[in-house]
Amino acid sequence: MLQPYYENFNKRLVKSPKLYFYDSGLLCYLLGIREIEDIIENRLKGNLFENMIVAEYQKKNHHQYLHEDIFFWQDSNANKVDLLVKDFKGYNIYEIKATETIKPSLFEKMNNFENLAAPAKVNKTLIFGGKENQKRSHYNILSWKNSFNTI
């Protein structure tokens with residue numbers, strides 16, 4: 001279970017936890033996905049990708065004794081952050097997308113959160129289905145393959 005982050009920001013917030021499976025293979029089996037080709041065109045591809053990234057982050061957090069409190073954040077207007085880690089410096093937020101193509105629209109929800117959280121420091125990271133990490137002026141962009149070592 002991934003708990004929601006409750007800081008108000010003068011918004012109505014979603015307060016129900018999200019359920020993720022630790023074993024993405026079991027999740028695919030339960031959904032009737034047996035072959036890799038079945039995932040490529042599946043309407044749940046993005047959900048499966050997000051589940052895998054969040055589950056691996058949770059595993060790393062527990063096995064390496066990081067003791068980080070991780071959350072998701074969502075308001076009633078569908079503004080959301082897939083993964084949020086708050087520490088004494090501010091927020092580390094992650095948008096998780098299965099796409100291999102980076103578009104400006106992928107950053108909008110992180111920007112919305114940053115505006116609401118101001119003046120707190122917000123580190124924004126996009127984890128995507130591509131192969132190459134990128135560094136941009138306001139964002140970190142991580143390939144899913146490298147994200148497990150970085151986040």
Under the Karplus relation with 6.51, -1.76 and 1.60 and θ = phi - 60°, whole-Hz ³J(HN,Hα) for segment 99-112, x at Gly and Pro, equal 4, 9, 10, 8, 10, x, 5, 5, 9, 4, 5, 5, 5, 4
Pick out which of Leu48, Leu27, Leu126 has the largest mean-square fluctuation in a Gaussian network model of the chain, springs linking Cα atoms closer than 10 Å.
-> Leu27
Output for segment 73-109: GluC sites (Glu not before Pro) sitting in coil per DSSP, at most 14 other Cβ within 10 Å, listed by number, reads Glu100
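Is there a quick way to get the dipole size of segment 3-150? I mean about its Cα centre, with the Cβ of Lys and Arg at +1 and of Asp and Glu at -1; what is the value in debye to the nearest 20?
Numbers: 21 positive and 18 negative charges, 83 e Å.
It comes to approximately 400 debye.
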In whole Å, what is the distance between the alpha-carbon centres of segment 1-40 and segment 50-101?
-> 11
Put in order of increasing Cβ neighbours within 10 Å, starting from the fewest, Ser147, Ser76, Ser24 give Ser76, Ser24, Ser147
Helical contribution to [θ] at 222 nm, DSSP H n ≥ 4, -39,500 (n - 2.57), averaged over the chain, rounded to 500 | -9000 deg cm²/dmol
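Taking segment 62-113, which trypsin sites (Lys or Arg not before Pro) meet the DSSP loop condition and have no more than 15 other C-beta atoms within 10 Å? Could you put the intermediate results ahead of the total?
Details: sites: Lys80, Lys86, Lys89, Lys97, Lys109; in loops: Lys89.
Passing sites in segment 62-113 are Lys89.
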Extension gain from Gln64 to Met1, taking 0.36 nm per residue of separation minus the Cα-Cα distance | 20.8 nm
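Relative contact order for segment 3-150: what is it in percent, counting Cα pairs under 8 Å that are at least 6 residues apart?
19
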Return P(r) of segment 12-51 (all Cα-Cα pairs; 5 Å bins starting at 0; whole %; ordered from short to long distances).
-> 5, 21, 30, 18, 11, 7, 5, 2, 0
List the residues whose amide H sits under 5 Å from the amide H of Val122, counting only those 5 or more places along or on another chain, with H placed 1.01 Å from N in the peptide plane.
-> Tyr91
Unit Cα scatterers, Debye sum, the chain: log10 I(q)/I(0) for q = 0.13, 0.16, 0.19 Å⁻¹ | -0.60, -0.93, -1.30
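Since every read-out is calculated from the coordinates, none of them should be taken as a lab result. It should be emphasised that the depicted structure is a prediction, and the values quoted were computed from it without experimental measurement. For neighbour counting, all protein chains shown are included, and Cβ atoms are generated from backbone atoms with ideal geometry for every residue, glycine included.
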